[in-house]
Amino acid sequence: MTPRELLATGADELGASLTVGQADSLFLYLAELAKWNRKINLTAITGEQDTVIKHVLDSLSFLKGFSPDDGTRLLDMGSGAGFPAIPLKIAYPGIEVALV
């Protein structure tokens, strides 16, 4: 299974149907993360499939107990490399997120 198929399948199972544009944005984010991770140690997880599973889908697992509506406000304390806030914002652009 390709990383894109893995993302689509996993997101659907978690209740987040991603558009092609949202998937593209998530992969752009992961590419930037990989680029900056070579300069600053942001994560030990580096393989594309592992980052999809252990970062993006783990971030979206938040949806198992919560369904964000437009205007929902989310505070991500100790965000580090932007997880889970950035994938959640990409999947639900109508929410407000603050990363600390």
For this session: Order the peptides 64-75, 86-97 from the highest to the lowest mean number of other Cβ atoms within 10 Å of their residues.
Result: 86-97, 64-75
Problem set entry | Cα-projected label distance for E48 with S67, points at 7 Å along beta-carbon direction, nm | 3.4 nm
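If you average over every viewing direction, what projected area does the convex hull of the Cα atoms of segment 23-100 give, in nm²? Could you put the intermediate results ahead of the total?
Working: hull surface 20.2 nm².
Quarter of the Cα hull surface area: 5.0 nm².
Can you tell me, using C-alpha contacts under 8 Å and at least 6 residues apart, the relative contact order of the chain as a whole percent? Mind showing how you got there, number by number?
Values: 110 pairs, mean separation 28.8, N = 100.
Result for the chain is 29 percent.
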Problem set entry | Residues of the chain: accessible area per residue with a 1.4 Å probe, Å² | 59 Å²
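Please give the calculated 222 nm ellipticity per residue for the chain, where each DSSP H segment of at least 4 residues contributes -39500 (n - 2.57) and the sum is spread over every residue; nearest 500 deg cm²/dmol?
On the way: 4 runs with 41 residues, N = 100.
Here the helix-only value at 222 nm equals -12000 deg cm²/dmol.
How large is the dipole of segment 48-98 about the Cα centre if only Lys and Arg carry +1 and Asp and Glu carry -1, each at its Cβ, rounded to the nearest 20 debye?
Numbers: 4 positive and 7 negative charges, 17 e Å.
Using only the charged Cβ atoms, the result is roughly 80 debye.
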Seminar exercise, completed: Given unit charges at Cβ for Lys, Arg (+) and Asp, Glu (-), the dipole magnitude of the chain about its Cα centre in debye, nearest 20, is 360 debye
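Find out how many positive minus negative residues lie around D70, taking Lys and Arg as positive, Asp and Glu as negative, among other residues whose Cβ is under 13 Å from that of D70. Walk me through the numbers before you get to the answer.
Numbers: positive: R73, K89; negative: D69, E96.
Counting the neighbours of D70, the net charge comes to 0.
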Exercise. Taking K39 as the anchor, which lysines have their alpha carbon closer than 24 Å to its alpha carbon, excluding any fewer than eight residues away along the same chain?
Worked result: K54
For this session: Choose one of V56, T19, G71: the residue whose Cα lies farthest towards the positive end of the charge dipole of the chain (beta-carbon charges +1 Lys, Arg; -1 Asp, Glu; about the Cα centre).
Result: V56
Exercise. Residue-wise, which Karplus ³J(HN,Hα) couplings in Hz belong to segment 31-48, taking 6.51 cos²θ - 1.76 cosθ + 1.60, θ = phi - 60°, and x for glycine or proline?
Worked result: 5, 5, 4, 4, 4, 6, 5, 6, 9, 10, 6, 9, 7, 8, 7, 10, x, 4
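The values are calculated or read from the model by the stated rules, or taken from the named source; none is laboratory data. Just so it is clear, the model here is predicted, and its values are computed rather than measured. Cβ sites come from the backbone with ideal geometry, for glycine too, and all protein chains shown count toward neighbours. Accessible surface areas use protein heavy atoms only, side chains included; no ligands, DNA or RNA. Shrake-Rupley method; radii C 1.70, N 1.55, O 1.52, S 1.80 Å.
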